[in-house]
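A quick write-up on the structure given underneath.
Readers should treat all values here as calculations from the given coordinates under stated rules, not as data from a laboratory. Bear in mind the structure is a predicted one, so any value in this text is a computation, not a measurement. Every residue, glycine as well, gets a Cβ built from its backbone with ideal geometry; the counts of neighbours run over all protein chains shown.
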Amino acid sequence: MPMLNVVLVEPEIPQNAGNIARTCAATGARMHIIRPTGFQVSDKKLKRAGLDYWHYMDLTYYDNLADFCTKNPGEYFYFTTKGRHAHSEMHYPDNCYLFFGKETAGLPEELLVQHPDRCVRLPMRGEIRSLNLSNAVAIGVYEVLRQWDYPQLENFGQLTKFKWEDAANPGE
C-alpha cells in the first residue's frame, strides 16, 4: 500500500489532534507531530477525540522541524491559506508528506517562501480566514487517497438491519 504522511507542526488544540488521529487511523496514514504542542500526550481531550483508535495509529513525535526533516526525506506539500495552488492541482506521490501548521498561525512563512510551488490552498471564500485544522487535514488526506484510488480501503458498507440486496427490490 502506498504510504501517506500527515505532519502537524506545533498543534495547539488537543481535540483537533485527536480528530486528525482518527482520520489517520481510518485511512492508514502515518501521523507526525512536531513539538512544541499546546497539550500533553496524556490529555483527556486528545484521547477522547481519537476515541478508541489509538492502537491503529502510527504516530511519531519530533523535537523540532529540523529533527523531522533529517529523519524523513521525501516530497513535502505545505497546506496553507497563503498557497498559490489548489490542493487538487497537485500530484501526490507515494510516501509524500502533507504539512499543516498550528491553529493560530499556520505554517511559518519562512518555510513557505522556500517552497512556493509546494504551497497548496483549500479553495474558500476570501472573507473566511481558514478552515478548522482537522477538517483541512481530512480534505487533504482524502484528495491524495482519491488520486491513488483509495488503496486497501473499503468503499462499501453494510446496513445493520437490512441487506442492500433487498433494497433493490423492496416490494418482493
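Less than 14 Å apart at the alpha-carbon level, and either on another chain or at least 8 residues along: which aspartates and glutamates does that give for LYS71? Of all the aspartates and glutamates, those that pass the test against LYS71 - Cα under 14 Å, at least 8 places apart if same chain - are ASP63.
With the cut-off at 25 Å, report for the chain the share of all Cα pairs above it, as a whole percent.
35 percent
The slack in the chain from THR160 to ASP63, taken as 0.36 nm per residue of separation less the alpha-carbon distance, amounts to 30.4 nm.
Close amide-amide hydrogen proximity is noted between TYR61 and ILE33, each under 5 Å apart and 5 or more residues distant or on a separate chain (H modeled in the peptide plane; Pro and chain starts excluded). FRET efficiency for the pair ALA167 and ALA26, taken as 1/(1 + (r/R0)^6) with r the Cβ-Cβ distance and R0 = 22 Å, rounds to 0.30. Seen from THR80, the other residues with C-beta closer than 11 Å to its C-beta sum to a net charge of +3, counting Lys and Arg as +1 and Asp and Glu as -1.
Take every Cα pair under 8 Å in the stretch 4-167 that's 6+ residues apart, average their separations, divide by the length, and report that relative contact order as a whole percent. Don't skip to the answer; put the middle values down first.
Values: 256 pairs, mean separation 41.2, N = 164.
Result for the stretch 4-167 is 25 percent.
Taking amide H atoms as placed 1.01 Å from N in the peptide plane, the amide H of TYR78 lies under 5 Å from those of PHE99, CYS119, VAL120, each 5 or more residues away in sequence or on another chain. Using only side-chain charges placed at the Cβ, +1 for Lys and Arg and -1 for Asp and Glu, the dipole size of the stretch 4-167 relative to its Cα centre rounds to 460 debye.
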